[in-house]
Amino acid sequence: MRQPVDIVIAGSGPSALLLGVHCAERGLRTLIAAPDPETVWVNQYACWRDELPVDGAISWGELLVPEFSSALVWLEEDAPRVLERGYGRLEGTRLHAMLWDRFVRAGGQTCHGRVLAVEHLATGIRAETDAAELIRGAVFVDATGHQSRFIRRQPGDVTGYQLAYGILADVEGEPASSDRMTLMDYRGETPRDDIPNPSFLYAFQRESGLWFMEETVLVGPNATSFGTLKSRLENRLERQGVKVRRVLEQEHCLIPMNPPLPRVRQRSLGFGGAASMVHPASGYMVAHSASLAPEVAECLLVGLGSYKGEPREAVREAWNVIWPRTARQSHALYRLGSTILSEFDAPTIRAFFQAFFEQPGDRWRGYLSRTLGVSGVMASMWGTFGELRPGVRKAMFAALARNPMESWQSIRGGLVE
Ligand SMILES: Cc1cc2nc3c(=O)[nH]c(=O)nc-3n(C[C@H](O)[C@H](O)[C@H](O)COP(=O)(O)OP(=O)(O)OC[C@H]3O[C@@H](n4cnc5c(N)ncnc54)[C@H](O)[C@@H]3O)c2cc1C
C-alpha cells in the first residue's frame, strides 16, 4: 500500500497542477489523483498580462502567444474603445508541460483514478478512487472544477452562466482588428432565437489568416444552446463578408458565473472552479489560481507544521487565504452586478459598458482583477451608476426588482457578511 502523503489533490486541471507544484516544491508530499493527470487541458485560456504572478520558474510572458498590448471594445458602430492593457492567450501545452515537469521533479506523485469518496478522520483523510487504490493523506484538496462533489457551499443556486461557442479557423477576410485583440464586439441586433441575451464577438488573430472567434453571452441563464450561438457567429461573419475556409478547433464553453461560495469551515479544501474562484463579472480564473497557489501552499506548509496530527486548522487557514472576509464581501457585490447584467438587452448592455469603461483605468482594471477591496468595488459600482443615462438606471432598478431575493442577499453580503 502507498505511504500516506501530506496533500491529496483531486483533479488535474490548471488549478490542481498550480497548487500541486507549489505544495511539492515546498517539500509537502503531494499526490494528484485524476483519471488522466498527464493529459493537456482541452480549454484554451487567456488572461490580462498584469494579472499573472511573478514566479521565477515560469516566464509567463513567453507563454502568452499571441500577446496584444491593447484590447478593443465595440459598443458603437463607428469607433471602438481602446483598452490600453496587455492581454494574451496562454499556450496551454507549454504551460502544462512546465508545471508537470516541476511537479514530477519536486517528487509529486500521481494516482490515475477518479476520486469517488473522501472520509475525514481525526488525523487526516482516506480517499477511495476508481483505480481501486485507497489514498491516505493529511489534507484533501478538491480541484475537480465547477461540478465539484466534495465541497459544501452556502445555500443558493447558480443564477448565471457564461455561454460561448468558438472556433479556431482559417478564414478569408478580417473578422476583427488583426493587430489588437477584440475583447467584446457588441455591435448588431440580438437575433430572435432561443437565447434571450445579447452576445458579443471575442476574436483575435493567432497567425496570418488563422483566427479564434467566439460568440459569447457574458452572463445568462443555463441555455446550453451552442447551436444557436454557432448560428449567431456564422451570421455575424457572413454580414462582415468573412468566409470560413476550414475549422480547425471548436470550443464549447459553459461557466457557472456566480456559484454560491464554499463554506469556509469544512474539512476539505477547494481550489479553482471547485472553490467558486471564477470571477463573477468576467468568467476568468486561471491567473487568480496562479497568484493564490503559492500563498495557499505556504499556508498548508506552515499549518501542517504547527498543528501536527490535526490538519483541520491548516485547512481552515487555507480557506481564509482563498476567501478572506473582504473577498467574500466583494464577491457578493460582484454577484449582484452579474445578476443585473444577465437581465440587460443589447442597447442597455452597450450603454452600461460605455459607463463602466468611462471610469478611471485603475478602477475598471481593479474591478475586473479583484484588486479593489470592498469599498473600491462599491466605488466602481457607484461610479458606473453615476455615468448611466436615466433609461439605463431604470433598467437596472427593474432588474433588481425582478430578483429581490438575490439582490437583497448580495447587498447584505457585501455590506455585513
Ligand atoms: C471552455 C472554457 C474556457 C475558459 N476560458 C478561460 C480563459 O480564457 N481564462 C480564464 O481565466 N478562465 C477561463 N475559463 C474558466 C476557468 O478558468 C476554467 O473553467 C478552468 O478550467 C477551471 O480550472 P480547474 O482546474 O479549477 O478545473 P478544470 O479545468 O475543470 O479541471 C477539473 C479536473 O478535475 C478532474 N476531475 C473531475 N472529477 C474528478 C474526480 N472525482 N476525481 C479526480 N479528478 C476529477 C477532471 O478530469 C479535470 O482534470 C474557461 C472555462 C471554460 C469551460
Residue 291 within 16 Å of the ligand (Cβ to nearest atom) and either over 17 Å from residue 7 (Cβ atoms) or at pLDDT below 95 (or both): yes
Subset of segment 318-371 [buried (at least 20 other Cβ atoms within 10 Å of the Cβ), small (Gly, Ala, Ser) and under 19 Å from residue 291 (Cα atoms)]: 318, 330
Residues within segment 323-351 that are in a helix (DSSP H, G or I) and within 22 Å of the chain's Cα centre (by Cα), tallied: 18
Lone unmet requirement of (1) of a type outside the set (D, E, K, R); (2) closer than 30 Å to residue 365 by Cα; (3) away from the ligand (no atom under 16 Å from the Cβ) for residue 92: (3)
Some residue of segment 142-153 being more than 16 Å from the ligand (Cβ to nearest atom) and surrounded by fewer than 18 Cβ atoms within 10 Å (Cβ to Cβ): no
Candidate set: segment 95-136, residues that are closer than 19 Å to residue 17 by Cα, among the charged types (D, E, K, R) and more than 10 Å from the ligand (Cβ to nearest atom); chosen: the one surrounded by the most Cβ atoms within 10 Å (Cβ to Cβ): 102
Residue list for segment 14-67, restricted to those being part of a strand (DSSP E or B) and away from the ligand (no atom under 13 Å from the Cβ): 30, 65, 66, 67
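To keep it simple, each residue is scored yes or no on (1) closer than 21 Å to residue 357 by Cβ; (2) modelled with pLDDT under 90; (3) among the basic types (Lys, Arg); (4) assigned by TED's automatic domain parsing to the domain that holds residue 337.
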residue	(1), (2), (3), (4)
377	yes, no, no, yes
380	yes, no, no, yes
384	yes, no, no, yes
387	yes, no, no, yes
395	yes, yes, no, yes
399	yes, yes, no, yes
406	no, yes, no, yes
410	no, yes, no, yes
Pairs, first without any contact (Cβ under 8 Å) to a residue 40 or more places away in the chain in segment 176-194, second of a type in the set (Ser, Thr, Tyr) and surrounded by 12 or more Cβ atoms within 10 Å (Cβ to Cβ), C-beta under 8 Å, six or more apart: 193/225; 193/228; 193/231; 194/225; 194/228
Residue 82 being in a loop (DSSP other than H, G, I, E, B) and either at negative phi or within 14 Å of the ligand (Cβ to nearest atom) (or both): no
Condition broken by residue 238, with the remaining ones in (1) outside any loop (DSSP other than H, G, I, E, B); (2) assigned by TED's automatic domain parsing to the domain that holds residue 172; (3) surrounded by fewer than 23 Cβ atoms within 10 Å (Cβ to Cβ); (4) touching a residue at least 40 places away in the same chain (Cβ under 8 Å) satisfied: (4)
Selection count, segment 70-79, where residues are in contact (Cβ under 8 Å) with a residue 24 or more places away in the chain and either part of a helix (DSSP H, G or I) or surrounded by fewer than 19 Cβ atoms within 10 Å (Cβ to Cβ) (or both): 3
From 106, 143, residue being within 28 Å of residue 216 (Cα to Cα) and at pLDDT 95 or above: 143
Of all residues making up segment 372-385, the number that are surrounded by fewer than 19 Cβ atoms within 10 Å (Cβ to Cβ), in contact with a helix residue (DSSP H, G or I) (Cβ under 8 Å, 6 or more places away or on another chain) and without any contact (Cβ under 8 Å) to a residue 40 or more places away in the chain: 4
All positions within segment 139-155 that are in a loop (DSSP other than H, G, I, E, B) and either within 16 Å of residue 8 (Cβ to Cβ) or among the charged types (D, E, K, R) (or both): 143, 144, 148, 149, 150, 151, 152
So residue 166, is it modelled with pLDDT of 95 or more, closer than 25 Å to residue 256 by Cβ, within 18 Å of the chain's Cα centre (by Cα) and assigned by TED's automatic domain parsing to the domain that holds residue 35: no
Sole residue being buried (at least 19 other Cβ atoms within 10 Å of the Cβ), within 16 Å of the ligand (Cβ to nearest atom) and not in a strand (DSSP E or B), chosen from 296, 315, 264: 296
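The values are calculated or read from the model by the stated rules, or taken from the named source; none is laboratory data. Remember, predicted model here, so these are calculated numbers, not experimental data. Positions of Cβ are backbone-derived with ideal geometry, glycine not excepted, and every protein chain shown enters the neighbour counts.
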